[in-house]
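Trainee: Below is one structure. I have some questions about it.
The values are calculated or read from the model by the stated rules, or taken from the named source; none is laboratory data. The structure displayed is predicted, hence computed values, not measured ones. No Cβ is skipped: glycine too gets one built from the backbone with ideal geometry, and neighbour counts run over all protein chains shown. Side chains included, ligands, DNA and RNA excluded: accessible areas come from the protein's heavy atoms. Shrake-Rupley method; radii C 1.70, N 1.55, O 1.52, S 1.80 Å.
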Amino acid sequence: MYSALINAVLSSSPDYDLLFESLSWPSESWPDTERVEALTAFIEGLGPLLTEPGSTSFPDAKRRCVLDKVESVLWTKCLPFLSRISAEAGEGVRCRESTAAACRLLSVCVPLCNEAVCRRVCQSILPSPHLSEEELTSPGRLSVEVASEVVAALLPFLAADEQLTHTTVSSSLSSIRTLPDALVSKPVRVILSLLNCLSSARLKSILKLILDDLNSWHSTDRTPAVTERTLLCLTALSDHLLKPHHHPPSSSSSCCDLDPRLSLQFWTMVQDGLIHSDSVSRKRALFLLKRCAALSEEDGLDCPLSATREDENLFKWASSKNKLLREFWEDYVLVMETLEENQVGYPAPVFDLVVCVSNASGQGLFHPSWLLCVYQRMFHSENKSLMREGVCHLLELRVLQQPTFALAFSQFIVGPFMDVLSETSLFHRSVGQSVGDCPELGVKLEVFLATFFSSLPTEHRGCVLLQLIQQLGSKHWCALPLLFLCQALSKLPPSPLLGTSGLTALRDVLRCTMITHQVLLRGAAQCFLLNSALSLTVVSEVTLDDVFSFLTHFRADESLCRGTQLWKQLCAWLLENEGSFKPRITDEDCTGASTSNETIRAHVQGEIVSYLRVPASTGELPDSREADKLARAILLCVDMERSQSGAEISNTLESLLSPLLETLSRVSTNIYLPQRKSDKSLQLVLRLFQLGKIPRSQRDGADVMVTIETVILRLLDPIQEFIFRRLCGELQEVFSKCPWWPTLTSRAELYLYVLRQLVVMCRSMPQYHNKIPHSGFSKLIKYSLTVLREPDQQVTRAVTMASLATLCGLMEHEVIDKRPETVSALKSLNEYFYSPKLPSSHSQTSLGNVNQRLLKPETIDWLVEADWGRFSANFMRDQWICLNFLIKVFGIPESVEAAETLKAALSCSVEALALLPSDLVLPVFTFMETVLPQLVRDEEALCVEAVSLSWELVQGLSTNANDFWPALKGFISMAFHHKLLQLTHAQSPTLTATLKQIARELMELSQSKSGVFGVLLQHCCQMWLPAGGGSGDQADTVFSSIFNHISIITEACVYGPVFRRDQRLVQDVQIYVEQLGEKCAANVAVTSSYSHFTSFSMIFVSFLQDNDISRSKVRYYSNSLQHRVKNRVWQTLLLLLPKLREEFVATLWGRVFEAGFCSNQASVKYLIEWMMILILVRYPQHTDSFWSCFSLDHEKTKTSVCTFLSVLVHFSVIFPKLKEKAAQLRKALDVILQSCFNHNFSVRLYALLALKRVWSLAENLVEEADGLGGLSSVIKACLNQAEAMQSTGNANKNWTRIQEHFFFGAFHPIRDYSTETIFCTFPSLSELADDEWIPPWKFEKLSYFSEDPSLPLRNPAPDLNQLQPGDWIQQDRSTDKEERWAEVQKKITPWRLGIQEQEPELQLVPPQRAARLGKLHGALLVVASLIDKPTNLGGLCRTCEIFGASALVLDSLRHVNDKNFQSLSVSAELWLPLLEVKPMELTEFLQVKKSEGYCIVGVEQTANSHSLQEYQFPEKTLLLLGNEREGIPANLLQMLDVCVEIPQQGIIRSLNVHVSAALLIWEYTRQHLSSGSAEVDSKRS
């Protein structure tokens, strides 16, 4: 229409100036699109007239005038308008349409101007795409979006000028590096469009420029962001870069420079893309890989063209192996595509393909790095099961047994593979493994590392191992992965691989990554690491000092403990390598003397001399780590020599320790002995005592410690004299000369530790009892009291209070006798605490000198200010240690009023809880434990406050494992004191309610922190059932308190939460470590924790007041919490049955019957049946009530009668206890025969088995019993017929299986009555979850478990333990697989209605038909050219027609004739415009539609995707749909203006393409329906 009007106007010789003026617009206005298009059409119509040579209508002057007008439009209208569009924010419809119109005008004007004008226009546009944000906001600048569209419009002119072409490409490449992600596709489109305009010769040079630039950029900045953008460019240019060659190029051909397949950097980009975190980048990389493989097969090109280094050939292709290589690359691509689908479960064939790929790699068909990409994708998957499968698959990879492959994988193993191994969930037990088994991954990891390091070239093993250990120490590891990695390292074949740097790396692992781990797991990891060091260290490269320094990082209370197998292995290793260690460099070595290999004894002797060689100065207290290292070296040396020869230990020790003994002998007499030397000697003595201890379970090596103690105790007098002298005044003198309080307190702490150790040793050795310095103690107490009464001596007061706390602790544990002089001094101390306050005291309580605080010195270094707070807290803690002892021994002084003083003391303790750090409150808890029972009746509110505040404090420590457990134990001892538990609700209602609430909260806390409730139960066990048995009225009173807190006992019997999977995993691994026994030194060194709940069912119980759970009719599932609780209830009843009185059993009997009628899981059913049998054996008088169960209403019994028939299967056990045996047999036969005719198959089967067993008893009494003889022939015939009926099919199988079932076969109710059967055998055979099994060894580890003759711990016969779980019940399952319905929902099509009036309509084109029916089409254009399934296309056609899309684009219109298409489209193709665009034509089609103002939208998950629920669709929207499998091809992604993703919450991350399209089409329709309605409403109003 425009062209006809323009031709008509121009043919009438118009006034051109007037036309230009009328079609133009004011500079500051925003013209309508129609006006711009009209001006464009006018100038376009002028073009032929202006360019026609010799035109009579356009003389030269007029032509120049018109051309000036055109140029003026260019500079004054077009470019300013584009700048104004750039200034508008967003990409609205108005901006897009105006941009398209302005670019069209520009493309029409530029050809009419001269070359200089064209160049100026281009040069003004090109800088815009890569300007900074500040430059873009300056006036006259174009936005990236507008500039890109302008450049696209000017491409014909840019391509014609070589300089402009290079400038355009350089500008676009620069902008690709700097633009935001949302805009980076704009310059890529510019480059792509420009290349399409170039000639073949120029195209090659430009492509080479682009490829070199991308390679250079990625090689210098190999980051994920750069990889993402380079892959975007390469994918967009793939049609140009990856063109087929008709003739394979030679190595010298110029085409080789343009072939990216020959570029190492190109393949590096592709591999980085395959493992990229962005799914679109992975898709692009896979697209390039497929294109390269297909092109190589088509060309027959050998890659590489010439021989190069092996590591430069990432992509190999040989024309002679086309088919083989094609198959391998197809497998590889299939694997990578499958991994992209993120399925819940991956089929085995996928992993078979990975095996094929790895085998291909092993044959040299492709580089190993491609296989690493597969594993990287598995490792980074969101699917944990896939991650685990990938790890297991790699651990079994056979190609790693080849040295070249092992070396190629080495950096992957120490990098990404180690990273994925840090995932704790990988170490769950596999199906079929039992509790306590090493996880499958742990076993495979051991084999893998041993194989991997054996396969590595010898010269690389040490380096790779060092890198692996350094990776372990580089970050914080969770306990389980670190444990199994350390275990795997310990199983490496012994070989010299680690030098000094290796020991340093192992030390970093010990020091940096195990701080927060569970103690047992941490100790086990230490053991494995030390084993690794012993087997892998290059002895000749490390000195003995390196070794002993390394050993200081192993804790004696967790791993490296004397007497353990690990300690013995260390001694043997030192002995074996003695003389082989690297000599240490001394001063003599520097002078040229020859070095010699020293023995370990010589080294230790030299270290002792060096250790005690100190300058004559006071200075700071020496570092205790030196003493720790030397003490451990001494002990190792002595134990090593002891194992080597039978020499006298005392002589060996005295000669070795002679420098130390000589120093100790002079500490109290030599006034010139340096203070530092005496301190170091005492530090060494203390560490020898502490590290030399041997666990109780170990006996070997105890003589060494006895000898050390004897040797040291010979010098007891000078040592004690020196310590008392220092504590009684000399330290204060030293402090006055050098007022540095941290040194003073550290020295005092050392002296007190040594004094405590010496006194304990003297007490344990009768010959040294008289050496305990009682006079010194009384002197120290008196001196301390003197100092305490001097308020100005702040630091010295703290030291004396620590001395008093030490003495009180020793006397409380009866290490020191209470001599009269000592008692007198302590009474004075007691008077001091309760005497009136000193005037200068800052205590806020009214109780004497309790809770005293130290005044901070005015001049204190800020570096030690925090230490002062700790120092002051220790001072207060020591006060409470003294108060604990004094109140137990002396009580409240007579000089004060007792009741008020006790109340004030409790108030002070509450105050102390708020003042003290949480790890120092234990003495306060202990004091409360003494005071609370005395005050609870008169001061209940204060007692409740104290208990509640203490519980809050303990709860706050739940995340601090080191402080939590001791505080919890102390709190429970205080709050659940036996005198408090004896109180009834009437006597103390608030306190009893508080204690019950705390007990409930303890159980709740134990759900997340395993073992918490166990501390309470262990305390109750020891209180109610003391180890000595207890006797007398007091013991009875204590035990009677159990009935006040029956809820605790109830929970103890059924307690055991269903832990989260991660908690069960930690427990499983702890059990695995425990089962290693003494082979793992941690089991000896670490004291038992409170981690397992399964040992607390061993208490008297009377909880049947509440039997709701036994009678529950609610359906419950196998291994649910309700199932487990029921099982625990019946286990407890079975356990307690021998202890229950007969009258109690009589009340219990009816409830057992009721439970038998319920629907129970198998494990509960067996326990109920066993309970019935044992009750009938013990109390046969209840037999009549048992028979009455069979006469109940049939509806109530139904199949539950099987429970009672199972009891009769074991009637032979009950029968000997019965009176009137014949009558009882007759009753048994009567009830069994009735069930033999039951309509239920299971009941008949149970009855048949019971009949067979009972009749075997009756046959012996046929002659004696009246009436049984008549039944004989009938029952025999019945049994024979029943046996014959069971001879075929499933009936025969079930008959055989029920007779072989453990409960009716191997199990004997009396013989097998044991703890093991109840808690381990029955749960395992009835398929109860294995975390409910309690093996016998767990009971043996309990110190308070004593075996009862009426209940043996273990089964006397092994029959049951040899059986496997199983049940006889045959589940009827349909063998016919349900066939999926193939038909989809169908709709009656209009032409099958027989309505003849519609036939004329079918002759019209779709828009005309729709218009006839009053239906309007929208502006939405749906492009489905990439979809190839007719069913998807048919459904999509139907959706588009329903929601009024403008058209549907298909790759071929032949689809509409497909019956599958028509079955879903239901004639929609007759009412909807259909277009045909081949996939190869899509790029051009999209460019055209974009120039028409369409916004191209794709459904794809990218980093910049918009959520569907937030995105606003423009009216002119083109929806591009991807292929069902591959989605939108990577080379089309850069054509998209917007990526939209559908919010998802499930695991499967992809929707069917028709479903996705339907969601977007509806959302588009909804938005525009609502906006259309709003416009109509506004017009009406």
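Trainee: At a Förster distance of 41 Å, what's the computed FRET efficiency of Gln793 paired with Glu654, Cβ-Cβ distance as r, to 0.05?
Mentor: 0.45
Trainee: Sorting Val1012, Val447 by accessible area (1.4 Å probe), largest first, what list results?
Mentor: Order by accessible area, largest first: Val447, Val1012.
Trainee: Apply the Karplus parameterisation 6.51 cos²θ - 1.76 cosθ + 1.60, with θ equal to phi minus 60°, to every residue of the range 186-201 and state each ³J(HN,Hα) to the nearest whole Hz, in sequence, with x for glycine and proline.
Mentor: Along the range 186-201, the couplings run 4, x, 5, 5, 4, 4, 4, 5, 5, 4, 5, 9, 8, 6, 4, 5 Hz.
Trainee: Which peptide among 903-913, 407-417 comes first, and what is the full order, when sorted by highest mean count of other Cβ atoms within 10 Å?
Mentor: Going by the mean number of other Cβ atoms within 10 Å, highest first, we get 903-913, 407-417.
Trainee: Sticking with this structure for a sec: Just read off the accessible area of Arg119 with the full protein assembly in place, 1.4 Å probe, to the nearest 10 Å².
Mentor: Answer for Arg119: close to 60 Å² accessible.
Trainee: So, one more: Could you sort Trp30, Trp1333, Trp1170 by their accessible area in this structure, using a 1.4 Å probe and putting the largest first?
Mentor: The ranking, largest first, comes out as Trp1333, Trp30, Trp1170.
Trainee: How far apart, in nanometres, would the label points at Cys463 and Asp623 be if each is projected 7 angstrom from Cα along the Cα-to-Cβ direction?
Mentor: Calculated label separation equals 3.3 nm.
Trainee: Moving to a separate point now. I'd like the accessible area for Arg377: 1.4 Å probe, protein heavy atoms, all chains in place, Å² to the nearest 10.
Mentor: Here the accessible area works out near 20 Å².
Trainee: To the nearest 0.05, what FRET efficiency results for Ser1350 and Glu330 with a Förster distance of 56 Å applied to their C-beta separation?
Mentor: FRET efficiency, Ser1350 to Glu330: 0.20.
Trainee: Could you compute the net charge surrounding Cys197? Neighbours are other residues with a C-beta less than 15 Å from the C-beta of Cys197; K and R count +1, D and E count -1.
Mentor: Local charge sum for Cys197: -1.
Trainee: At 0.36 nm per residue, and after removing the present C-alpha to C-alpha distance, how many nm does the segment from Thr223 to Lys996 gain when stretched out fully?
Mentor: Separation in residues times 0.36 nm, less the Cα-Cα distance, equals 272.3 nm.
Trainee: Enumerate the calculated ³J(HN,Hα) couplings along the range 111-126 in order (Karplus 6.51 cos²θ - 1.76 cosθ + 1.60, θ = phi - 60°), each rounded to whole Hz, writing x wherever the residue is Gly or Pro.
Mentor: Karplus-based 3J(HN,Hα) across the range 111-126 equals x, 7, 8, 7, 5, 5, 5, 4, 5, 4, 4, 4, 5, 6, 8, 4 Hz.
Trainee: Using θ = phi - 60° and the Karplus form 6.51 cos²θ - 1.76 cosθ + 1.60, what ³J(HN,Hα) does each residue of the range 979-995 get, whole Hz, x for Gly and Pro?
Mentor: Per residue, the Karplus-derived 3J(HN,Hα) values read 6, 6, 6, 6, 5, 8, 5, 5, 6, 8, x, 5, 5, 5, 5, 5, 5 Hz.
Trainee: How do 66-76, 481-491 rank on mean C-beta neighbours within 10 Å, highest first?
Mentor: 481-491, 66-76
Trainee: Considering only protein heavy atoms and a 1.4 Å probe, what is the carbon-and-sulfur percentage of the accessible area of the range 868-917?
Mentor: It is 55 percent, rounded to a whole number.
Trainee: Can you send over the solvent-accessible area of Trp1295, 1.4 Å probe, protein chains only, in Å² to the nearest 10?
Mentor: The accessible area comes out at roughly 10 Å².
Trainee: Another question, if that's okay. Under a cut-off of 19 Å between alpha-carbon atoms, report the lysines in cross-link reach of Lys1165, not counting same-chain residues fewer than 8 places apart.
Mentor: Lys1113, Lys1126, Lys1196, Lys1198
Trainee: Still on this model: Given Lys979/Lys1009; Lys208/Lys316; Lys677/Lys827; Lys208/Lys1429; Lys903/Lys969, which pairs have Cα atoms separated by over 30 Å?
Mentor: In this structure, Lys677/Lys827; Lys208/Lys1429 lie more than 30 Å apart at Cα.
Trainee: Here is a further query. Once you have the Cα-Cα distance between His393 and Glu897, take 0.36 nm times their residue separation minus that, and quote the gain in nm to one decimal.
Mentor: Additional length available on full extension: 173.6 nm.
Trainee: Ranked from highest to lowest mean number of other Cβ atoms within 10 Å per residue, what is the order of the peptides 599-608, 1421-1430?
Mentor: 1421-1430, 599-608
Trainee: Turning to a different aspect of this structure: Going by a ≥ b ≥ c, the root eigenvalues of the Cα gyration tensor, does the range 889-1016 fall in the rounded group (a/c under 1.5), the prolate group (a/b larger than b/c) or the oblate group?
Mentor: oblate
Trainee: Distance in nm between label sites at Ser1008 and Cys65, each 7 Å beyond Cα in the beta-carbon direction?
Mentor: Distance between the two pseudo-spin positions: 8.9 nm.
Trainee: Would you list Met640, Met1480 from the most to the least accessible area, probe 1.4 Å?
Mentor: Of Met640, Met1480, the descending order of accessible area is Met1480, Met640.
Trainee: Lys680: which lysines have alpha carbons under 24 Å from its alpha carbon, excluding same-chain residues fewer than 8 sequence positions away?
Mentor: Candidates past the 8-residue exclusion: Lys629, Lys693, Lys737, Lys771.
Trainee: Please give, to one decimal in nm, the separation of the simple spin-label points placed at Arg35 and Trp1562, each 7 Å out from Cα toward the Cβ.
Mentor: Output for this residue pair reads 4.4 nm.
Trainee: I've got another one for you. Provide the gained length on full extension for the span Asp1428 to Ala450, in nm with one decimal, where the gain is 0.36 nm per separating residue minus the Cα-Cα distance.
Mentor: Roughly 347.0 nm would be gained on extension.
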